[in-house]
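Undergrad: Dropping the structure in here first, questions after.
The values are calculated or read from the model by the stated rules, or taken from the named source; none is laboratory data. Here the structure is a predicted model, which means the values were calculated and not measured. Cβ placement follows ideal geometry from the backbone for every residue including glycine, while neighbour counts extend to all protein chains displayed. For accessibility, only protein heavy atoms count, side chains too; no ligands or nucleic acids. Shrake-Rupley method; radii C 1.70, N 1.55, O 1.52, S 1.80 Å.
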2 protein chains.
Amino acid sequence: MTDQRIFNFNAGPAALPLQVLEEIQSSFLNFNHSGMSITEISHRSSYFDKIINDAADRAKRLLKLDDRFHVLFMQGGASLQFAMIPMNFLSDSDSADYVNTGTWSTKAIKEAKIQNKFHSVVASSEDKDFSYIPKDIEFSKNARYVHLTSNNTIKGTQFREFPDTNGVPIVCDMSSDIFSRCLDMEKFGLIYAGAQKNLGPSGTCMVIIRQDMLDMANENLPSMLKYSTYSSKNSMYNTPPCFGVYTIDLVLKWIEEEMGGLEKMEEYNIKKADLLYDFIDSSSYYSTTAEQYSRSLMNVTFRLPSGELEQKFVASATEKGLGGLKGHRSVGGCRASIYNAATMEGINALIQFMESFEKENK
Amino acid sequence: MTDQRIFNFNAGPAALPLQVLEEIQSSFLNFNHSGMSITEISHRSSYFDKIINDAADRAKRLLKLDDRFHVLFMQGGASLQFAMIPMNFLSDSDSADYVNTGTWSTKAIKEAKIQNKFHSVVASSEDKDFSYIPKDIEFSKNARYVHLTSNNTIKGTQFREFPDTNGVPIVCDMSSDIFSRCLDMEKFGLIYAGAQKNLGPSGTCMVIIRQDMLDMANENLPSMLKYSTYSSKNSMYNTPPCFGVYTIDLVLKWIEEEMGGLEKMEEYNIKKADLLYDFIDSSSYYSTTAEQYSRSLMNVTFRLPSGELEQKFVASATEKGLGGLKGHRSVGGCRASIYNAATMEGINALIQFMESFEKENK
């Protein structure tokens with residue numbers, strides 16, 4: 001119970017930039033002199049057209065996307081994408097490669113299985129409890145796509161570089177690190193991201209799809225489960241999640257205009273993560289769980305000497321205004337999620353707290 | 001461009017109760033002393049548990065639902081439901097009855113067709129441009145369900161009473177009139193409603209499903225396309241649209257605590273609609289488009305003597321702070337959408353404007 005805003009280390013839904021929240025709040029009863037709340041304006045109005053086009057344009061500029069790429073706003077989160085991807089891109093004779101790096105990849109593979117779609121798990125880090133990102137993967141030559149999860153919120157690992165797939169398009173779940181760093185888009189045929197980590201509120205999923213992927217997609221599907229429905233109607237075949245698209249637009253504006261673009265955003269994210277990892281590495285009390293070269297810039301997972309101390313740590317941090325540090329319920333331990341909106345001030349406060357907790361609980 | 005809030009007659013996204021918007025605004029940077037925005041709190045937190053359970057409990061109380069009914073929060077709008085309903089409830093040998101009363105029913109039928117699911121269109125009002133609701137329908141005896149669209153935003157018609165289907169469960173799209181009136185729930189196996197008319201922001205779809213419908217559903221489907229995934233996980237198999245669920249909770253609270261419940265809400269809606277229809281009926285300048293016994297309490301569609309006058313009417317109304325009066329782009333004319341949140345003050349302002357417009361443009 002606090003009247004102050006906390007330092008929010010939630011894994012998702014997660015912290016949003018304070019400036020964005022303040023702008024939403026101040027215009028919430030009357031958006032842009034429309035006399036209506038953003039939640040009340042028609043998606044067929046010029047007000048909303050401007051928002052959705054601005055959000056797509058900003059995404060294109062930030063990621064330096066050329067005209068082959070379409071930016072779509074969908075619903076159902078990454079979980080619906082897990083199902084839509086094999087549904088759209090695998091006919092009865094096709095197969096796809098999947099790399100299994102944790103809970104989310106496992107779920108993506110499960111949805112291909114449910115549909116009896118051919119797929120190969122060409123690499124997995126399950127042998128070491130998903131604590132690393134596989135290297136030197138041998139991809140199939142005829143795969144329609146290679147599916148990767150770029151960042152694993154639960155285990156704290158991340159593809160710091162993307163593998164060479166011999167020209168096979170990568171289809172990538174970037175829910176937890178989209179717009180956190182620059183990307184070589186030549187490798188990607190499709191990127192998808194639930195908004196609730198780096199982009200906005202839950203309930204909106206951004207999809208970036210290349211024209212050649214659209215061209216090879218199955219058209220004989222329910223309207224809401226075809227990518228072409230969204231690309232041909234500017235994501236407005238039916239009413240889109242307007243509040244989510246609006247918030248995403250403001251977050252992308254914040255990255256462009258306040259943070260100075262994606263290169264600067266990436267620098268800031270590296271600086272924040274390095275500070276925290278360096279502190280943990282220098283300590284014999286705290287230890288990271290991910291192998292060094294696979295460490296995530298977004299989710300720093302760490303342990304204390306005992307489960308009891310971890311419980312005490314999380315409770316004591318919460319009391320001091322540092323929220324969301326409990327590890328995922330499936331693995332325990334501690335986790336600091338430090339997405340784009342996490343501030344250096346928050347990282348410093350966390351490290352200071354970790355230092356004093358160690359002293360008091362040796 | 002206005003610093004005042006307008007009277008908002010949009011068809012959806014549509015007006016929300018001012019009290020609800022003010023509550024969202026005032027707590028937007030710090031929800032319930034959490035130190036976080038509602039958009040930043042974890043869906044696995046006790047904060048959100050309370051919200052989603054409260055929203056479901058209020059829905060159950062308002063509609064007097066017994067324990068057979070589950071209240072679910074989904075994504076993808078009514079359009080995804082069009083596809084999920086035949087997918088979940090029709091096996092290869094089953095068939096369903098559809099009643100075609102306009103654009104939305106037509107789309108629902110289209111999605112059954114795409115999946116090659118057996119269905120019969122047992123009644124249609126297409127012969128008179130969907131200006132009425134069919135009566136004395138003969139339903140099939142062995143249908144798995146009867147699909148109806150309770151209210152047609154575009155043509156301004158509504159099932160004022162629901163037909164006797166000989167015990168076959170009605171599956172009903174109530175996107176534009178849910179919680180606007182009391183219902184005899186014995187008739188319904190499933191109700192679904194995109195939130196953006198009577199419930200909250202776009203991007204959340206409420207589904208009310210009876211246990212026997214769940215029991216007969218196909219389980220061999222992608223996780224996000226099965227109703228059981230939502231019913232077994234309290235709508236949190238994956239991250240739900242938290243902001244939408246939160247707003248719905250506040251709107252249902254407003255109906256219960258401010259409006260005095262669903263009976264009172266219905267009385268208020270009838271009073272508002274009657275006032276407007278009575279005025280139009282008394283005029284030789286304005287005319288309604290829906291047959292009298294099929295008139296919608298939610299969307300009042302009307303014409304002026306010419307298309308030119310209609311354009312002038314909409315533009316002039318907008319200038320005077322009466323927004324959203326243009327008919328759907330597919331049919332033209334004028335339309336006043338007067339959902340739950342539309343106020344008597346707004347109806348009176350509209351009638352006053354209509355009177356003076358008529359005088360000035362005879």
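Undergrad: Counting only heavy atoms of protein chains, what accessible area per residue, in Å², does the range B:22-258 have with a probe of 1.4 Å?
TA: Ligands and nucleic acids excluded, the result is 34 Å² per residue.
Undergrad: Right, next: So which of A:Lys60/A:Lys128; B:Lys107/B:Lys359; A:Lys233/B:Lys135; B:Lys113/B:Lys187 end up more than 32 Å apart by C-alpha?
TA: A:Lys60/A:Lys128; B:Lys107/B:Lys359; A:Lys233/B:Lys135
Undergrad: Could you order peptides A:16-25, A:121-130, A:277-286 by the average number of other Cβ atoms within 10 Å of their residues, highest first?
TA: A:16-25, A:121-130, A:277-286
Undergrad: Expressed as a whole number of Å, what is the distance separating the alpha-carbon centroids of the range B:232-261 and the range A:247-264?
TA: For the range A:247-264 versus the range B:232-261, the Cα centre distance is 31 Å.
Undergrad: In peptide B:69-81, what is the residue-averaged number of other protein chain Cβ atoms found within 10 Å of each Cβ?
TA: For peptide B:69-81, the averaged partner shielding equals 4.
Undergrad: Can you list residues from other chains, or at least 5 along the same chain, whose modelled amide H is less than 5 Å from the amide H of B:Ser95?
TA: Under 5 Å from the amide H of B:Ser95: B:Arg144.
Undergrad: Along Cα→Cβ at 7 Å, what distances in nm separate the B:Asn361 label point from those on the other copies, shortest first?
TA: 7.0
Undergrad: How many partner chain Cβ atoms sit within 10 Å of a residue's Cβ in peptide B:201-208, on average, as a whole number? Present the calculation step by step, with values, prior to reporting the outcome.
TA: Values: counts 12, 14, 14, 4, 1, 0, 0, 0.
Other-chain Cβ atoms within 10 Å of each residue's Cβ, averaged: 6.
Undergrad: How large is the Kirkwood hydrodynamic radius of the range A:260-360, in angstrom, based on all distinct alpha carbon pairs?
TA: Evaluated over the range A:260-360, this radius sits at 13.9 Å.
Undergrad: Could you please state how large a percent of the accessible area of the range B:22-258 is carbon and sulfur, counting protein chains only and using a 1.4 Å probe?
TA: Numbers: 3570 of 8070 Å².
Carbon and sulfur together cover 44 percent of it.
Undergrad: Right, here's the next one. With r as the distance between the Cβ atoms of A:Glu267 and A:Glu23 and R0 = 22 Å, compute the FRET efficiency 1/(1 + (r/R0)^6) and round to 0.05.
TA: Computed FRET efficiency for A:Glu23 and A:Glu267: 0.35.
Undergrad: What does the charge dipole of chain A about its Cα centre add up to, to the nearest 20 debye, if the Cβ of each Lys and Arg holds +1 and the Cβ of each Asp and Glu holds -1?
TA: 600 debye
Undergrad: Considering only the protein assembly as shown, what is the antiparallel percent among its DSSP beta bridges, to the nearest 5?
TA: Restricted to the protein assembly as shown, the bridges split so that about 55 percent are antiparallel.
Undergrad: Using the Cα centre of the protein assembly as shown as the reference point, and only Cβ charges (+1 on K/R, -1 on D/E), how large is the resulting charge dipole? Debye, rounded to the nearest 20. Mind showing how you got there, number by number?
TA: Details: 74 positive and 90 negative charges, 92 e Å.
The calculated dipole for the protein assembly as shown is roughly 440 debye.
Undergrad: Rounded, prolate or oblate, given the Cα gyration tensor of the range B:22-258, with a/c below 1.5 counting as rounded? Before the final figure, lay out the partial values.
TA: Values: a/c = 2.08, a/b = 1.62, b/c = 1.28.
It comes out prolate by the Cα gyration axes.
Undergrad: Looking only at the range A:22-258, where both bridge partners belong to it, what percent of the DSSP beta bridges are antiparallel (to the nearest 5)?
TA: Numbers: 13 of 29 bridges.
Beta bridges within the range A:22-258, antiparallel portion: roughly 45 percent.
Undergrad: In peptide B:11-20, how many Cβ atoms from other protein chains are near each Cβ within 10 Å, on average?
TA: Mean shielding by partner chains, rounded to a whole number: 4.
Undergrad: B:Ser120 label points, 7 Å along Cα→Cβ, one per copy: pairwise distances from this copy to the rest in nm, shortest first?
TA: So the distances to the same position in the other copies read 5.1 nm.
Undergrad: Still on this model: For the range A:281-310 and the range A:52-122, what is the centre-to-centre distance using only Cα atoms, to the nearest Å?
TA: Each part reduced to its Cα centre gives a spacing of 30 Å.
Undergrad: Shifting gears a bit: Can you give the FRET efficiency to the nearest 0.05 for A:Asn361 and B:Cys182, using r as the Cβ-Cβ distance and R₀ = 45 Å?
TA: For R0 = 45 Å, the calculated efficiency reads 0.15.
Undergrad: Please compute how much accessible surface disappears when B pairs with A, both sides summed, using a 1.4 Å probe, and round it to the nearest 100 Å².
TA: The B and A chains share an interface burying roughly 5200 Å².
Undergrad: Can you list, shortest first and in nm, the gaps between the label point of B:Lys264 and those of its counterparts in the other copies, using a point 7 Å from Cα in the C-beta direction?
TA: Result, one decimal in nm: 5.3.
Undergrad: Restricting to DSSP H runs of at least four residues, report the calculated mean residue ellipticity at 222 nm for chain B, -39500 (n - 2.57) per run over all residues, nearest 500 deg cm²/dmol.
TA: Result for chain B, helices only: -11000 deg cm²/dmol.
Undergrad: Divide, for the protein assembly as shown, the radius of gyration over alpha carbons by 2.2 N^0.38 Å, where N is the residue count.
TA: Against the empirical 2.2 N^0.38 Å value, I get 0.98 for the protein assembly as shown.
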